[in-house]
Amino acid sequence: MTGKFITFEGVEGCGKSTQMEEAYRFLAGKKIPIVATREPGGTTIGNEIRNILLNRAHHGMQALTELLLYLAARAQHVKEVIRPALEAGKIVLCDRFHDSTLAYQGYGRGIDMDTISKLNALATDGIVPDLTFLLDIDVEEGLERARQRSAQMSAGTHRVGARLDRFEEDTLEFHRRIRAGYLTLAMQDPRRYVLIPAAGTPDDVRSRVLETLGRFLKEHYERL
Ligand code: TMP
């Protein structure tokens, strides 16, 4: 495969989606063919699975059901979008990928990590990101940002009050385990992960993301 696969990870409200948009603009300016996508989602089937996963009414969802739904969405996403784009030589930017499953379902929900890794390998068809940005933020600050975003979205749709998704409603302890889990994953694989403190202004975070991307391009694309 000739393309490159770049993922953005972090806890709720860490700003990864905003930073991925910045990365997209930066790469588009260099005339590199890019696909921007997200998990869960990225395909029609994946988006339907996303709605099931995030629906607040589904508070009775079992951890194993949740895991298998994320993996089902991923299997579809890899086959339909990610692998074809990489084979066509594109850069794929993805908002969350298999590290989210290790962090949320593994460290967060307590499902056995080896089981997750084996199932993940099946769903990803062996595809591993070339570069992963971990945007790290204190979970209370991140959740506050996520709440504000939800409130704005509710206002936009004339709904009253902040409507959080199923995960944003989980306990602080759950989110703390996820953050610590991400930091462990980053420590275990420092060549792939770039840890970006995300508490600063979007502009500070942006310059660190773009600096790393610039270095990555120099390493992998001779003409740039
Ligand atoms: P988002 O809010 O970043 O779009 O992500 C949707 C939610 O899904 C978020 O709370 C993290 C969660 N998630 C998992 O629990 N496991 C996964 O494998 C993925 C991709 C996301």
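The values are calculated or read from the model by the stated rules, or taken from the named source; none is laboratory data. Everything numeric in this text was worked out from a predicted model, so none of it was measured. Cβ coordinates were reconstructed from backbone atoms using ideal geometry, including for glycine residues, and neighbour counts include every protein chain displayed. Quick note on the areas: whole protein, heavy atoms, side chains included, nothing else; ligands and nucleic acids left out. Shrake-Rupley method; radii C 1.70, N 1.55, O 1.52, S 1.80 Å.
Worth a mention:
- Solvent-accessible surface (1.4 angstrom probe) belonging to Glu173, in square angstrom, nearest 10: 100 Å²
- Solvent exposure ordering (accessible area, 1.4 Å, most first) of Thr171, Thr184, Thr37: Thr171, Thr184, Thr37
- Segment Thr18-Met113, length gained on full extension (0.36 nm per residue, minus Cα span): 31.3 nm
- Potential extension, Ala28-Ala63 segment - 0.36 nm per residue separation minus Cα distance: 8.7 nm
- Scattering profile of the stretch 67-185 at q = 0.09, 0.12, 0.18, 0.20 Å⁻¹ [log10 I(q)/I(0), Debye over alpha-carbon scatterers]: -0.31, -0.54, -1.05, -1.16
- Estimated FRET transfer efficiency when R0 is 35 angstrom, pair Asn51-Glu222 (beta carbons, to 0.05): 0.25
- Whole-Å distance, taken between Cα centres, linking the stretch 47-117 and the stretch 27-42: 18 Å
- Rg and Dmax [Cα atoms of the chain; Å; Rg one decimal, Dmax integer]: 17.0, 52
- Sequence of Arg109, Arg74, Arg25, Arg176 from largest to smallest accessible area, 1.4 Å probe: Arg25, Arg176, Arg109, Arg74
- Listed pairs Lys118/Lys218; Lys79/Lys118; Lys4/Lys31; Lys16/Lys79; Lys30/Lys218 exceeding 22 Å between Cα atoms: Lys118/Lys218; Lys16/Lys79
- Computed label-point distance, nm, for sites Arg149 and Phe174 using a 7 Å Cα→Cβ extension: 1.7 nm
- With every protein chain in place, the stretch 4-218: carbon and sulfur % of accessible area (1.4 Å): 53 percent
- Relative contact order, percent, the chain [alpha-carbon distance under 8 Å, six or more residues apart]: 31 percent
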